[in-house]
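Chemist: I have a structure here, written as C-alpha cells, and I will follow up with some questions on it.
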Amino acid sequence: MGLIVQKFGGTSVGTPERIRQVAKRIAKRHSEGHPLVVVVSAMGHTTDELIALAQQVSDHPAHREMDMLLSAGERISMALLSMALGDIKVPALSLTGSQSGIITDQSHRRARIRRILGDRIRSALAEKKVVIVAGFQGVSETKEITTLGRGGSDTSAVALATALGAERCEIFTDVNGVYSADPRVVPSAILWEKIPHDLMVELATRGAGVLHPRCVELAKQHQIQLCVKNTLDPNESVGTVLIQRQTGDSSLGMEEFGIVGVTADKGKLFIRVKLTRSTVLGSVWDRSAEAHLSLIAPVFSNHDVSFYSERDGESDWKKLLHDLTTEGFVQSYEIVSDVVPLSIIGDRFSQDGRALHEIIEVLSQAHIPVDSGSSSALAVTLGVSIRHVDDAVRALHAEFLES
Ligand code: ADP
Ligand code: ASP
Ligand code: MG
C-alpha cells in the first residue's frame, strides 16, 4: 500500500483529548497497512502565545531566536502524539524538521525548503513505525533552525509527500474543506468538492487561511494528490480535492468555474512607495524577494508603487524601505496598517470590464469606502479598512455567490 502523509492543524491537536483522538484515527489507518507520515502543527494558539511571550521580553526579538522559540510549539505536539500512539501500542517515532532532514535556506521566519533528505523517516517507515514530523520548521545548511512562515505546516506536509513519493497528502483542519468564503465570516458559504490549483493558489495567497499558498503550488508542480478534511468528521469524508486543469479535457479543462470565493486578509497591510525614478522599481522587488516578503496585488503608476504584504513583516519593511531611502532609490513611503486586501477570485472574472464597477457599486451601497483596486486574470483586489472588511466580504458574497 502507498504512503500517505497526513497533516493535523492546531485545532486538531489543541487538547490532550484531541491528541488521543488523532492517535486513534492514525492507529486505524496504520492497521489497514498504510505507511504513514504525520505532520503536526503547534497545539491550539501556541504559536500566537509564543509570539506574545517574545514581545513581553523584547521589543525587537532577533529572527533567529524567534525561530528557536516558535519551532518549540510543533515539537510539543509531535512528542505528545507519539506518546499517545505508544499508549495504544502503535509504534511511532517523532522527529523535528531538522532530524527529518528538511533543509531550508537561511531566511529566518520565512524560510523556503530547498530539499528533504528524509533518511531517518525512511528507516523508521521500514521498521513499520508511524513517523510524526514537527511541521513549519527545518534547518539551514549552516545548521540553524528555521521556520517556514505562518501556516507553514501545510507546506511541510506537501513537501514531505513530494520527497517521499507519497500516494497522497491529506490536510485535516477544523472546517469541512475549502469554502467560497471563510465560513466563520459567512455562515452560508459554499463548500467546494473540487477546486483547481490555480484558483486555490489565488484564494490562499489572498487570505483563505485554510491552506498555505506554497503547499498548493508544490502540489500542482509535483502532481501530489491533495485534499482537505474535517478532523471532527469520524468518517473522514473528503471535503475538497485539489484538481489539475487539463487543457482539452472537456470535463475540466474547458470548464468555467466562475467566481469561487471572496476573501479578506487581516494578516496583511498596505504599503505605498514613491520612487526617485521609475527605473529603480527593480530594487524594491529584489530586496523584498531576498527577504521573502510578499508583494500582493502590486499597482504601479509613474513613480508610485503600492502593494500588500505580511503584517508580521512590518518591521522588516520599515528597515528595507529606510535603507532604500538612504541609498537614493525611494523618495518616501507609507505603511497603512488599517487597510487590508479584499479579493474576489474567479475564472475569467476580471476580464469582464464591468466586474470592478459592479464590485465598487455593491460596496458603495453597503457604505464601505474603498482605498484602491487592482485586477489580474483570476482576481480583483481592493483595499478596505480592517474595520469594515467582514461586512464587505458578506456583501460581496451575497451579491456574487448567493444570488
Ligand atoms: P489549521 O490549524 O488546521 O491549519 P487554520 O486556522 O490554519 O487551521 O485554517 C483553517 C481556518 O481557515 C478555518 O477555521 C477558517 O476559519 C479559515 N478559512 C478562511 N478562509 C477559508 C475558506 N475559504 N475556506 C475554509 N476555511 C477558511
Ligand atoms: N504553528 C504555525 C502557525 O501557527 C504553523 C502552522 O500552524 O501551520 O502559523
Ligand atoms: Mg493552517
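Taken together, the values in this text are just the output of simple stated rules run on the coordinates, not laboratory data. The shown structure was predicted, so the numbers you read here are calculated from the model rather than taken from an experiment. Cβ atoms come from the backbone with ideal geometry, glycine included; neighbour counts cover every protein chain shown.
Chemist: Cut-off is 10 Å between beta-carbons; in what order do Tyr333, Tyr179 appear when sorted fewest neighbours first?
Modeler: Tyr333, Tyr179
Chemist: Next up: Just to be sure I understand: with springs between alpha-carbon atoms less than 10 Å apart, which residue in Asp198, Asp182, Asp323 has the highest mean-square fluctuation in the Gaussian network model of the chain?
Modeler: Of the options given, Asp323 has the highest mean-square fluctuation.
Chemist: Let me ask something else. Provide, for q = 0.16, 0.21 Å⁻¹, the log10 of I(q)/I(0) from a solvent-free Debye sum over equal Cα point scatterers in the range 79-137.
Modeler: -0.54, -0.79
Chemist: Also, quick follow-up: Can you work out the Karplus-derived ³J(HN,Hα) for every residue in the range 229-242? Use 6.51 cos²θ - 1.76 cosθ + 1.60 with θ = phi - 60°, whole Hz, and x for glycine or proline.
Modeler: For the range 229-242, the Karplus curve yields 10, 8, 5, 8, 8, x, 7, 6, 5, 6, x, 9, 10, 7 Hz.
Chemist: What ranking do Glu127, Glu358, Glu399 get, fewest neighbouring Cβ atoms within 10 angstrom at the top?
Modeler: Glu127, Glu358, Glu399
Chemist: Still on this structure, I have one more. From the cross-link list Lys229/Lys319; Lys7/Lys266; Lys7/Lys319, which pairs have alpha carbons spaced over 32 Å apart?
Modeler: Lys229/Lys319; Lys7/Lys319
Chemist: Tell me the mean residue ellipticity at 222 nm calculated for the chain from its helices only (DSSP H runs of n ≥ 4, each -39500 (n - 2.57), averaged over every residue, nearest 500).
Modeler: Value at 222 nm, helices only, nearest 500: -11000 deg cm²/dmol.
Chemist: Next question, about the same structure. In the range 263-380, with Lys and Arg counted as +1 and Asp and Glu as -1 at Cβ, which of these residues, Ser294, Phe270, Gln331, has the Cα nearest the positive end of the dipole, that is, farthest along it?
Modeler: With unit charges placed on the Cβ atoms, the residue in question is Gln331.
Chemist: Right, something else. May I ask you to list the lysines whose Cα is less than 19 Å away from that of Lys89, ignoring any residue fewer than eight positions away on the same chain?
Modeler: Straight-line reach from Lys89, under 19 Å: Lys24, Lys28, Lys128, Lys129.
Chemist: Work out from phi, with θ = phi - 60° and the Karplus expression 6.51 cos²θ - 1.76 cosθ + 1.60, the ³J(HN,Hα) of each residue of the range 111-118, listed in order in whole Hz, and give x for Gly and Pro.
Modeler: Running phi through 6.51 cos²θ - 1.76 cosθ + 1.60 with θ = phi - 60° gives 5, 10, 6, 8, 7, 10, 6, x Hz.
Chemist: Report the charge-dipole magnitude of the range 98-168 in Debye, nearest 20, computed about the Cα centre from +1 at each Lys and Arg Cβ and -1 at each Asp and Glu Cβ.
Modeler: 80
Chemist: Could I ask something else about it? Hey, what does the equivalent ellipsoid look like for the chain, semi-axes from the Cα gyration tensor as sqrt of 5 times each eigenvalue, largest first, whole Å?
Modeler: Those come to 36, 27, 19 Å.
Chemist: Taking the number of other C-beta atoms within 10 Å as the exposure measure, put Met66, Met200, Met83 in order starting with the fewest.
Modeler: Ranking Met66, Met200, Met83 by Cβ neighbours within 10 Å, fewest first, gives Met83, Met66, Met200.
Chemist: From the residues Tyr179, Ala366, Leu242, which one has its Cα farthest along the dipole of the chain in the positive direction, the dipole being from +1 and -1 charges on Cβ of Lys/Arg and Asp/Glu about the Cα centre?
Modeler: Leu242
Chemist: Could you compute the net charge surrounding Gly207? Neighbours are other residues with a C-beta less than 9 Å from the C-beta of Gly207; K and R count +1, D and E count -1.
Modeler: Taking every other residue near Gly207 into account, the sum is +1.
Chemist: Moving on to the next point. Quick check: the distance between the Cα centres of the range 56-92 and the range 256-328, to the nearest angstrom?
Modeler: Cα centroid of the range 56-92 versus Cα centroid of the range 256-328: 32 Å apart.
Chemist: Can you give the net charge of the other residues whose Cβ lies under 14 Å from the Cβ of Asn302, counting K and R as +1 and D and E as -1?
Modeler: Every neighbour counted, the sum reads +2.
Chemist: Now a separate question. Could you work out which residue, out of Val262, Val39, Val330, moves most in a Gaussian network model of the chain, that is, has the largest mean-square fluctuation with Cα springs under 10 Å?
Modeler: Among Val262, Val39, Val330, the largest mean-square fluctuation in the Gaussian network model of the chain belongs to Val330.
Chemist: According to a simple spin-label model (label point 7 Å from Cα along Cα-to-Cβ), what is the distance in nm between Ser31 and Gln55?
Modeler: 4.6
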